[in-house]
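I have a structure here, written as structure tokens, and I will follow up with some questions on it.
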Amino acid sequence: MAKILVTGGAGYIGSHTCVELLTAGHDVVVIDNLSNSSAASLSRAEQLTQKKLSFIEGDIRDATVLDQLFQEHSIDAVIHFAGLKAVGESQQIPLRYFDNNIGGTICLIRAMQRAGVFKLVFSSSATVYDESNASPLNEDMPTGMPSNNYGYTKLIVEQMLEKLAAADDQWSIALLRYFNPVGAHKSGRIGEDPNGIPNNLMPYLTQVAVGRRQKLSIFGNDYDTPDGTGVRDYIHVVDLANAHLCALNHRLKTQGCRAWNIGTGNGISVKQIRDNFEKVNGVEIPFEYVPRREGDVATSFADNARAIAELGWQPQYGLADMLADSWNWQKQNPNGFNES
Ligand code: NAD
Ligand code: UD1
């Protein structure tokens with residue numbers, strides 16, 4: 001068993017990963033500045049697992065806090081979720097994204113180096129692939145220039161980490177390229193709780209279902225896809241969390257920097273998501289078609305063969321679980337972690 005530092009562990013994917021780490025018997029230390037999350041997710045993770053984790057409320061850009069953390073805890077590896085992810089905001093305030101996502105990662109890896117910790121799992125995104133690649137996307141396909149500044153920070157950090165590992169073979173780094181994380185823990189106690197109007201499809205849809213929003217706007221029905229709406233690869237957040245444990249096991253034994261796609265390999269359209277959500281959950285989702293959203297591609301889904309072969313990972317959950325679990329979380333927590 002290992003002691004794992006989870007940056008951004010109070011967030012959506014981080015809190016689900018904490019549950020899986022604790023369940024597997026690992027010791028967990030979380031650093032999170034709570035800029036986009038609530039510490040309630042961590043107490044709920046503890047309740048769910050009947051185990052304790054250590055939480056430091058702090059910023060990964062604060063070298064003093066990081067040095068103290070590494071001195072107090074004998075960390076074996078780091079899973080790095082901390083970062084900002086709002087695509088629209090990244091266009092309006094690019095420097096905030098460069099500082100947090102790129103600057104924050106540099107500060108973190110410097111502190112890791114000082115502490116002699118060289119195992120890292122990084123949250124990357126399918127957005128790093130060049131838009132001209134046809135799906136299924138595999139890891140050998142070229143990366144491109146992402147259409148937004150958020151995606152740009154993911155690409156830069158990937159490239160930086162590759163160069164770091166090439167220059168110093170002590171490093172062992174996993175770049176996990178997530179496709180579209182959805183769903184929630186089966187208990188409905190933790191889940192996605194975005195601030196403001198959700199940018200992503202699933203939280204928007206569940207907020208329509210719970211009555212917080214009137215109807216779903218489907219961005220474009222004139223794509224070159226079977227029903228004209230955008231096709232994506234939705235992956236259950238618990239499957240995604242488990243991919244981090246598999247990557248960790250792999251990286252604890254090997255050197256270098258390598259990318260793995262984390263998706264199911266199935267392309268599902270927006271209309272299919274909306275129709276199946278109604279069917280699986282028995283709730284009505286009013287919708288309208290509106291023009292395409294800038295920066296969207298028609299189709300994006302993964303070739304996940306590398307992760308299955310090399311990480312020993314296998315997604316367990318299908319679309320019905322993703323839709324039922326997203327709804328279960330939202331229904332039980334209509335206002336997210338803000339219970340008032
Ligand atoms: P999230 O916002 O729920 O979690 C990120 C966490 O990091 C939050 O708890 C936030 O408070 C914390 N944080 C941000 N900046 C910090 C800083 N400087 N210091 C300390 N803590 C900080 O997001 P998520 O959906 O859980 O995503 C986790 C990671 O995965 C992010 O890096 C994100 O970019 C990446 N990712 C997410 C998706 C997605 O669709 N959710 C897709 C691809 C990649
Ligand atoms: C988006 C980001 C991507 C980021 C990812 C995870 C853009 C262009 N891309 O990916 O950079 O890594 O989120 O945070 O923002 N849709 C609707 N109505 C909605 C919301 C979405 O029809 O209200 C459609 C979109 O057009 C798309 C699909 O649903 O076809 C999924 O959208 P979304 O959940 O935002 O994910 P991505 O666009 O794949």
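Tally the residues that are open to solvent by 40 Å² or more (accessible area, probe 1.4 Å), within 15 Å of ligand 2 (Cβ to nearest atom) and part of a loop (DSSP other than H, G, I, E, B), restricting the search to the stretch 164-197.
Qualifying residue count, the stretch 164-197: 4.
Conditions first: (1) more than 11 Å from ligand 2 (Cβ to nearest atom); (2) buried (at least 21 other Cβ atoms within 10 Å of the Cβ); (3) in contact (Cβ under 8 Å) with a residue 60 or more places away in the chain. G151 passes all but one, so which condition is the exception?
(1)
Another one. Taking the residues in the stretch 101-131 that are without any contact (Cβ under 8 Å) to a residue 40 or more places away in the chain and more than 16 Å from ligand 2 (Cβ to nearest atom) as candidates, determine which candidate is least open to solvent (accessible area, probe 1.4 Å).
Of everything passing the filter in the stretch 101-131, G116 is least open to solvent (accessible area, probe 1.4 Å).
Which pairs turn up if I take residues in the stretch 243-271 that are at pLDDT 95 or above and look for partners that are within 16 Å of ligand 2 (Cβ to nearest atom) and part of a helix (DSSP H, G or I) with beta carbon separation below 6 Å, at least 6 apart in sequence or on another chain?
I262/L240; I262/A243
OK, next. When you scan the stretch 72-86, do you find a residue that is away from ligand 1 (no atom under 12 Å from the Cβ), farther than 26 Å from P198 by Cα, part of a helix (DSSP H, G or I) and open to solvent by less than 60 Å² (accessible area, probe 1.4 Å), even just one? Let's see the steps before the verdict.
In the first step, residues of the stretch 72-86 are kept if they are away from ligand 1 (no atom under 12 Å from the Cβ); the result is 72-78.
Remaining after also requiring farther than 26 Å from P198 by Cα: 72-78.
Next cut, part of a helix (DSSP H, G or I) only: 72.
Filter once more, keeping what is open to solvent by less than 60 Å² (accessible area, probe 1.4 Å): none.
No: zero hits.
Just give me the residues in the stretch 150-166 being farther than 12 Å from A259 by Cβ and not hydrophobic (A, V, I, L, M, F, W, C), in sequence order.
Y150, G151, Y152, T153, K163
Could I ask something else about it? Condition first: in contact with a Leu (Cβ under 6 Å, 6 or more places away or on another chain) and in a helix (DSSP H, G or I). Now tell me which residues in the stretch 110-135 satisfy that.
Those that are in contact with a Leu (Cβ under 6 Å, 6 or more places away or on another chain) and in a helix (DSSP H, G or I): A111, V128.
Kindly evaluate S35 against the criterion of being part of a helix (DSSP H, G or I) and touching a residue at least 24 places away in the same chain (Cβ under 8 Å).
For S35, the condition - part of a helix (DSSP H, G or I) and touching a residue at least 24 places away in the same chain (Cβ under 8 Å) - is not met.
What are the residues in the stretch 140-154 that are within 14 Å of ligand 1 (Cβ to nearest atom) and outside any helix (DSSP H, G or I), if any?
Step one: filter the stretch 140-154 for residues within 14 Å of ligand 1 (Cβ to nearest atom), giving 146, 148-154.
Across the stretch 140-154, the qualifying residues are P146, N148.
Out of the stretch 247-304, which residues are away from ligand 1 (no atom under 16 Å from the Cβ) and either on the phi > 0 side of the Ramachandran plot or among the small types (G, A, S) (or both)? Spell out the reasoning first.
Of the residues in the stretch 247-304, the ones away from ligand 1 (no atom under 16 Å from the Cβ) are 249-258, 265-267, 269, 271-272, 274-292, 294, 298-299, 303.
Of everything in the stretch 247-304, those that are away from ligand 1 (no atom under 16 Å from the Cβ) and either on the phi > 0 side of the Ramachandran plot or among the small types (G, A, S) (or both) turn out to be G256, G265, G267, S269, G282, A298.
Have a look at V237, V210 and point out the one that is among the aliphatic types (A, V, I, L, M) and surrounded by 19 or more Cβ atoms within 10 Å (Cβ to Cβ). Steps first, please.
Numbers: V210 fails: surrounded by 19 or more Cβ atoms within 10 Å (Cβ to Cβ).
Within the list V237, V210, the selection yields V237.
The values are calculated or read from the model by the stated rules, or taken from the named source; none is laboratory data. The model shown is predicted, which means the values in this text are computed figures rather than measured ones. No Cβ is skipped: glycine too gets one built from the backbone with ideal geometry, and neighbour counts run over all protein chains shown. Ligands, DNA and RNA are stripped out before the accessible areas are found, and what is left, the full protein with its side chains, is counted by its heavy atoms. Shrake-Rupley method; radii C 1.70, N 1.55, O 1.52, S 1.80 Å.
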